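Following: one structure in C-alpha cells, then a few remarks.
The values are calculated or read from the model by the stated rules, or taken from the named source; none is laboratory data. Small disclaimer: the values here were computed from a predicted structure and weren't measured. For neighbour counting, all protein chains shown are included, and Cβ atoms are generated from backbone atoms with ideal geometry for every residue, glycine included. Please note that ligands, DNA and RNA were not included when accessible areas were found on the heavy atoms of the full protein model with its side chains. Shrake-Rupley method; radii C 1.70, N 1.55, O 1.52, S 1.80 Å.
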Amino acid sequence: MSRLNIHQLTKSGDDAQFHAERALPKESPLDMPRHQVYEQGFPIRNGRPTLARFIYTLFSRLFVFAVTAALSVYGIAEMYGVLSTNKITHLQWLFLVLFSINFIWIAFAFAQASIGFLACLTPWSTRQREVEVPFKTAILLPIYNEDPRRIRAGIQAMQADLLAKAPGKYAFFILSDTNRADAWIAEEHAFLDVINQEEQGCPVYYRRRSHNTERKAGNVADWVQRWGGAYEAMIVLDADSTMSAACMQALSRRLATAPEVGLIQTLPTIVHANTLYGRLQQYANQCFGPIYGEGLSAWHGLSSNFWGHNAIIRTKAFAGSCCLPILPGKPPFGGHVLSHDFIEAGLLRRAGWGVRFDTDIKASFEEAPPSLTDVMIRDRRWCQGNLQHISFLFAQGFVLPTRLHLFSGLMSYLSAVFWLALIIVGLAIAIQASVVRPEYFANPSLFPDWPVFDAERALRLFVVAMGIVLTPKAFGWLIGLVNIPRCLHFGGPILLTLSTVFEMLMSALYAPILMVSQFGVVISVFRGKDSGWRPQSRKDGGLSWKSAARAHCSHTVFGVIIAAIALLISNELFYWLLPITAGLMLSIPLSWLSGGARSAKLFKKIGLLRVPEEKYPDHILVELQHKLAAIPAQERALALSRLVNNPPLCAWHIAQLPSAAGLAPVFHAPTVTGEWKVRHADSLAQLETWLEPAETMALLSSADCIEQIKKIGK
C-alpha cells in the first residue's frame, strides 16, 4: 500500500522539512448492499460444528430452558397461593402478572449463570483450534470527540506489541466522527507523530468523516466500502479498548480456522477503574463476569451476539450482510439503528455466518463509566437503541437465539418498568387493605369471605427469589475461592469474601436508583424524545453536591414518599420496602460518592474490591500506562490558534481534507458567513470570538479558507 505525498512545507529559518502526507492507504472498495428488516434466513454455511460441540450446545439450551421453566412454574404457583383468597381482586391479578414477568426474567438469568458455573467447574478445556493466519487484519478504532492522549497511548502500546510478535499482519485505522472543532484539531495534533510510521510492520492510518451518517455503524460501514477489500478481517475496538498482540493473534487464527464463522466476540475485562462506582463494576466484571460469560457462550453456540467492540469480524461477511436497514418513521423508533451491534450479529447469522463467543481468550480489556450519573446518561442512548429492536423481534429469517438476544436487550430496560409497576401495585394493594372496609358477606352465603394472606408462604417465596438473584454472585465467589491462584489475585479468601459482600450491598443500594432512572428513560422514549449522540465520559465522573442534588432530587422525593406511605400503613411494610426506599432516599450522597477518584482511595488502600489486574497487570496494560505517562498533556487552545501556530500540523491537516476537484459548488451558509468574518476580522483572536461552531468547522474543512486565516494570524 502506497502513501501519497500531498504537501511539503519548509519552516522559515530552519532546514527541517515537514512532510504532510495523506494518512490513508490506497482504497480497496467492497460493495455493501442495504438490507431490509424482513429477509430470508439461511443455515450455517461452509461447515458444521463438531458432534461434541453440537451436543454441548444442545444440552446447555435444554438446561437453560428446563431450569427457567421449573423455577418460573414454582414461583408463579407460590405467588398465586400467597394471593389466593376466596376471591382474587383485579389489583391482585395485575400484581400476579407483573410478578410472573419479573420472576421469569430472573429465573432465566439464574439458569444462564448456573450452566456457566458448571462450565467453570469442568476439568477439561474447550479451547478452539487455531491455525496460522494467511491474511492481514485491520484494527478499527471508531472515535467521537474522545481524549486523543488515551487513544494514542493505546495504539502505541498495541502497535509495539504487534511489531514484536506479528509484524506485517495488522494495520490500525483511526476512524474519526469528531464534530467539534477543538477536538478535531486536538486529535490531529495528538496522532500526527504516529501516522504513517512503521508502514511495513504495523501502520497507523487516520480518516475523519465530514458527516456522521448512521453514527458508529455508518463509520465502520464507510471503512468497509472504501478499504475493506484489502483486509480479510477487522478487529473492532472502542476508544477505551486495549488488546494484547496474543489476543489479536488468537482471534485472527481462530477466524482463519473456522470458515463458517463470521464474528468472534471476546469477553472484555474492565480495568483502570479509579472511582467507587467504577471499582464496583470492575469487581463484578472480573469476579462474576466469567460465570455469566461461560453461560452465554454455552447456550449461544454459533448464534451468539456482538457487543460492538473487542471482537473480530470477517470483512466480506460483514459487507454482504450487515448494511443496516433504515426503519420507517422518525426517531426515536424510526430512522437509523442506534444499537447496531445486536442487529449486525443477527444479520450475520441470518445470512448463514456463525457468530461465536470465545470466553477463553485473555488480555481483552475495556474501561467502564466512572460514576452513576455517567451510567444514567449512557442508558438514555442504549435504551432508545434497544427499544428500536422491537421492529426486529419478529422479523423473518432470525433464529431463536437472535430473538432471545433482542428480547434480553429489551428486558434490560423494560424490566425497570415492570419492577417499579410491581412495587406500586403492591403498595396499592396494601393501601386498599388498610383503608377499605372489608365486606365479609359481599355474596349471599352462610359463611363469610375472610381475607386470607399466607405470610409464611410469602416469606418462603421471598427467600427463594433473593436466592435466585444472589446465587450467581455466590457462584463467582465460590469459583474464586476454590481456585487458589485466582483467590490470591483477589487478595486472599478474606478480602474476596468482604469484597463480594460489599459489592452486593452497594449494588442493592444503587439498583433502585437505576430502576427509577431507567423507568423515566423508557417513558421519555415512548413519548418520542430522541437521545441524540453524546460521547461517553472518560474522566473520573466527580460531582459536586449541588450537581448530585440536581440529578437525584426527584429520586430522593420519590423514595421518601414511598417510605412514608409504607410507614403509615404498617411498620412491617416499611421494613419490607426498605431495601428499595433506602437507596432512593440516599441517592444524592450515593451518587456523589460514586464518582471522583477521592471516593475510591480508601477502598483501594485497604484492598477492598481488589481485582487481579491491579496487582498482576498484563504486560499490555503496563505498556499502556508507560506510553500514557510519556505523552505530555496538550495545552488548551482553540482550533484555529492551534492550527495556525503549528505549521507542520497545519500542512498535515490540509493534506487530509478531501479533494473538491470536479464537485459542483454547493451553497453552505456557515461557509459563506465564516468567510465573510475571515475577510473582516482584524486578528485571529477577534475572528475566534466571532465564529459560531458550525462556521469554525466549515473553515477548517476548506484549504483556501485556512490559507486566508494564516494571513490573519501572522
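Miscellaneous remarks
- Cα lying deepest toward the dipole's positive end in region 557-638, options 558, 584, 594, charges on Cβ: 594
- Where 619, 389, 35 fall by accessible area, highest first, once all protein chains stay in place (1.4 Å): 619, 35, 389
- Among the GluC sites (Glu not before Pro) within region 155-238, those in coil by DSSP and having at most 15 neighbouring Cβ atoms inside 10 Å are 199.
- A simple charge model with +1 on the Cβ of Lys and Arg, -1 on the Cβ of Asp and Glu and nothing else charged puts the dipole of the chain at about 360 debye relative to its Cα centre.
- The separation of region 57-119 from region 455-510, counted between C-alpha centres, amounts to 21 Å.
- Tensor-based shape of region 452-598 (alpha-carbon gyration tensor, a/c under 1.5 rounded, otherwise prolate or oblate): oblate
- Evaluated at q = 0.15, 0.18, 0.21 Å⁻¹: base-10 log I(q)/I(0), Debye formula over Cα of region 68-178: -0.83, -0.95, -1.07
- Backbone amide hydrogens, once placed in the peptide plane, bring residue 208 within less than 5 Å of 176, excluding anything fewer than 5 places away on its chain.
- In units of the rule-of-thumb radius 2.2 N^0.38 Å, region 613-666 shows an alpha carbon radius of gyration of 1.94.
- Per-bin percent of Cα-Cα distances, region 224-347 [10 Å]: 11, 35, 34, 18, 2
- Debye intensity ratio I(q)/I(0), log10, region 122-252, q values 0.21 Å⁻¹ (C-alpha model): -1.29
- With the largest listed first and rounded to whole Å, the semi-axes of the equivalent ellipsoid of region 547-667 from the Cα gyration tensor are 52, 28, 14.
- Only protein atoms count toward the accessible area here, which uses a 1.4 Å probe; on the chain, the carbon and sulfur part of that area reaches 63 percent.
- Accessible heavy-atom area order of 28, 304, highest first, probe of 1.4 Å: 28, 304
- Normalised per residue, the accessible area of the chain is 46 Å², obtained with a 1.4 Å probe and no contribution from ligands, DNA or RNA.
- In the chain, one over the average inverse separation of all distinct C-alpha pairs is 28.2 Å, which is the Kirkwood hydrodynamic radius.
- For region 45-89, the equivalent ellipsoid derived from the Cα gyration tensor has semi-axes of 42, 9, 4 Å, listed largest first.
- Span from the region 196-257 Cα centroid across to the region 345-375 one, whole angstrom: 16
- Accessible surface ranking that places the most exposed of 105, 223 first, with a 1.4 angstrom probe: 105, 223
- Length-normalised contact order for region 474-618 - Cα pairs under 8 Å, 6+ apart - percent: 36
- Helix-only mean residue ellipticity at 222 nm for the chain, each DSSP H run of n ≥ 4 adding -39500 (n - 2.57), per residue, nearest 500: -18500 deg cm²/dmol
- Considering only beta bridges that DSSP places wholly inside the chain, some 40 percent are antiparallel.
- Relative contact order for the chain: 19 percent, from Cα pairs under 8 Å spaced at least 6 residues apart, divided by residue count.
- Applying the Karplus relation 6.51 cos²θ - 1.76 cosθ + 1.60 with θ = phi - 60° to region 556-564 yields 3J(HN,Hα) values of 5, 4, 4, x, 5, 4, 4, 5, 5 Hz, where x marks Gly and Pro.
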